Every structure is written in C-alpha cells, then in structure tokens.
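Engineer: Before I ask anything, here is the structure I am working with.
Please treat every number below as a calculation from the coordinates, not as lab data. The structure presented is a predicted model; accordingly, all values stated were derived computationally and were not measured. Because the Cβ atoms are built from the backbone with ideal geometry, glycine has one as well, and the counts that use them run over all protein chains shown.
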Amino acid sequence: MFKREFWVKYFLADVRNRKVVEFLELKQVNMTVAEYAAKFESLSVFSPY
C-alpha cells in the first residue's frame, strides 16, 4: 500500500502510464525466468488491477 501511494504521489502521470504499458506488454523474450520474474515484480506496482 505504501509503495502504491508513493508512486502515485511522486511519479508524474505520464511516467506512471508508460510503466503501466511496459508492465502490460512485458514478455520474457531473451530474459531468464529469474530476470523476467524480477522485472515483473518491479513493474507490478504499476498494474492497473
């Protein structure tokens, strides 16, 4: 909860929107499963759901 409120308060809407798109379009491609999981978790705070 703290993280979400922090992002909302201190990130511009445009930056948040780009991160949402990055999260929604995330694909593993050339990443290892561990790298993908880390990226997924770091972007999940921007999930609109």
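Engineer: How high is the relative contact order of the chain, in percent, with contacts defined as C-alpha pairs under 8 Å that are six or more residues apart? Working shown, then result.
Structural biologist: On the way: 22 pairs, mean separation 23.0, N = 49.
With pairs under 8 Å counted, the relative contact order is 47 percent.
Engineer: I'd like the orientation of helix 13-24 relative to the chain: the angle between its Cα long axis and the longest Cα principal axis, in ° from 0 to 90, rounded to 10.
Structural biologist: 30 degrees
Engineer: Count neighbours as other Cβ atoms within 10 Å of each site's Cβ, and list the GluC sites (Glu not before Pro) in the chain that are DSSP loop with at most 14 such neighbours. Could the numbers behind the result be given before it?
Structural biologist: Details: sites: 5, 22, 25, 35, 41; in loops: 25.
For GluC sites (Glu not before Pro) across the chain that sit outside H, G, I, E and B with at most 14 neighbouring Cβ atoms in 10 Å, the list reads 25.
Engineer: So, one more: Compare the Cα positions of 28, 2, 44 along the charge dipole of segment 2-46 (+1 at Cβ of Lys, Arg; -1 at Cβ of Asp, Glu; about the Cα centre) and return the one farthest towards the positive end.
Structural biologist: Farthest towards the positive end: 2.
Engineer: Using the count of nearby Cβ atoms within 10 Å as a rough guide to exposure, how do 20, 33 rank from fewest to most?
Structural biologist: Ascending number of Cβ neighbours within 10 Å: 33, 20.
Engineer: Shifting gears a bit: With a sphere of radius 9 Å drawn around the Cβ of residue 45, what net charge do the other residues whose Cβ falls strictly inside it have (Lys, Arg +1; Asp, Glu -1)? Don't skip to the answer; put the middle values down first.
Structural biologist: Working: positive: 3, 4, 19; negative: 41.
Taking every Cβ under 9 Å from that of residue 45, the sum is +2.
Engineer: When a footprinting reagent is the concern and you count Cβ atoms within 10 Å, what order do 1, 31 take, fewest first? Write out the running numbers ahead of the final one.
Structural biologist: Values: 1 5, 31 14.
Starting with the residue having the fewest Cβ neighbours, the order is 1, 31.
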